[in-house]
Ligand code: AHR
């Protein structure tokens, strides 16, 4: 079969903001402890951070990193995580039924970010705390000096402010599992009050209000409308969270997960614009897609208390091992984000190390790349300039969940300054290869400078502790004749081609 695509830089969608390639580090399981931080490890630096993990994080190319949760943040007291380490309290984390030692806190994590070359995005606790604590944290983090809390930061070793640009007003407040879960009205009022207070202190910050934890939430749509009616003038972005998994062997629907992400984004944009229109506002609210990934959530063991004295430190939680199939779906989700670069201003892959993560580690042992590492690293490196819409004529696939969907999805980016173009494509068909005929005549004289293919004859192939290099991306043969780029994609494949 064949598909026709056109890449013309005049079909601009929006800027490729670096924040689209953000990550997320939550105090959860072995993410921080025994993940990024393992003082006894041979690769640990003088602060206890694993150098091999840092190297992989840099290679992944993550921009802004959301911290410290997640569900964790709704029980978090930020003051616990600063000051002399020996005096920091050990706390029970109700979200993940673990003990938080606070050995790694705000300062240590900021140091780690400096080493990783990424920026900090902070979430405040609006589950069990309120406006005052959020303002206090902002003062501690962003005020240069001259006040008690800014001085405390200086005394704790950071003379210059952390200067955190983006702040999340709580986490998943629509979810009944969330500590301090509220109704849309209650949360909207609290978020508006908190946003106003935070801006009184630092008008330059960007604020993200909680949207839905998923498009399948019973309150989806209603939640966004009500929350934005309260907060429209006070926030910049509304969050989206989405996780996908193969269910009941329905691989075709799983492969089409990005169709759901497309619809989710478009529904939230429509809802936000509706609220704006009803207010006669010319302001536009963008999306922070600050949790997205493949996650086999149905396999998560219960984190409900097993016993009153059972609060492990850094237990193995949510350690999904990803297959090639998962990585192809994942590559499709990145395409969906780029296709909406006009309104998705920021996104965070959830998460980064060990916990539903592209990077895995073993205590005392190696760190390695999961299959999902590759589409992220390649897209983050090649996507530059402006996202470009790619019209597609392709065969369709019948799916149980999303109906007929295109077997091929694609997006391009074009950097007018360097002349670099990148095309990202996914083939969701499972039976036969598809020949892509991509009209690139609109780019002028170009040639292929690199190509990458993620595919395996065994789509269930994984990288594991025993075999961490089982899956590696290869290259895909390309032919450029008379302005048409020919690329043949095998079944279940993700590919990227760079031209210049
Ligand atoms: O990323 C794992 C969890 O998923 C986060 O803690 C929460 O925000 C979401 O439900």
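In the set 70, 75, which member is within 12 Å of the ligand (Cβ to nearest atom) and at positive phi?
One residue alone meets the criteria, 70.
How do the pairs read when you match residues in the range 307-327 that are over 22 Å from residue 25 (Cα atoms) with residues anywhere that are within 16 Å of the ligand (Cβ to nearest atom) and in a loop (DSSP other than H, G, I, E, B), using Cβ under 7 Å and keeping only pairs 6 or more apart or on different chains?
Listed pairs, sorted by first residue: none to list.
For residue 269, are the conditions met, namely being crowded, with 17+ Cβ neighbours inside 10 Å, over 14 Å from residue 344 (Cα atoms) and either within 16 Å of the ligand (Cβ to nearest atom) or modelled with pLDDT of 95 or more (or both)?
no
For the structure I just gave you, tell me whether residue 20 is under 15 Å from the mean Cα position of the chain (by Cα) and in a helix (DSSP H, G or I).
So residue 20 fits the description; yes.
Test residue 7 against the criterion of being surrounded by 24 or more Cβ atoms within 10 Å (Cβ to Cβ), away from the ligand (no atom under 16 Å from the Cβ) and closer than 25 Å to residue 426 by Cα, and give yes or no.
In short, yes.
State whether one or more residues within the range 226-233 are at pLDDT 95 or above, out of contact with any helix residue (DSSP H, G or I) (no Cβ under 7 Å at 6 or more places or on another chain) and closer than 16 Å to residue 347 by Cβ.
No: zero hits.
Given the structure, is residue 248 surrounded by fewer than 17 Cβ atoms within 10 Å (Cβ to Cβ), in the same structural domain as residue 29 (by TED's automatic domain parsing) and free of Cβ contacts under 8 Å to residues at least 12 places away in the same chain?
The answer is yes for residue 248.
Is one or more of the residues making up the range 133-148 more than 16 Å from the ligand (Cβ to nearest atom), part of a helix (DSSP H, G or I) and more than 30 Å from residue 228 (Cβ to Cβ)?
yes
From 215, 195, 184, 160, grab the single residue that is over 22 Å from residue 132 (Cβ atoms), more than 16 Å from the ligand (Cβ to nearest atom), buried (at least 16 other Cβ atoms within 10 Å of the Cβ) and in the same structural domain as residue 66 (by TED's automatic domain parsing).
Result: 184 is the single residue among 215, 195, 184, 160 that is over 22 Å from residue 132 (Cβ atoms), more than 16 Å from the ligand (Cβ to nearest atom), buried (at least 16 other Cβ atoms within 10 Å of the Cβ) and in the same structural domain as residue 66 (by TED's automatic domain parsing).
The values are calculated or read from the model by the stated rules, or taken from the named source; none is laboratory data. Remember, it's a predicted structure, so these values are computed and weren't measured experimentally. Virtual Cβ from ideal backbone geometry, glycine too; neighbours counted across all protein chains shown.
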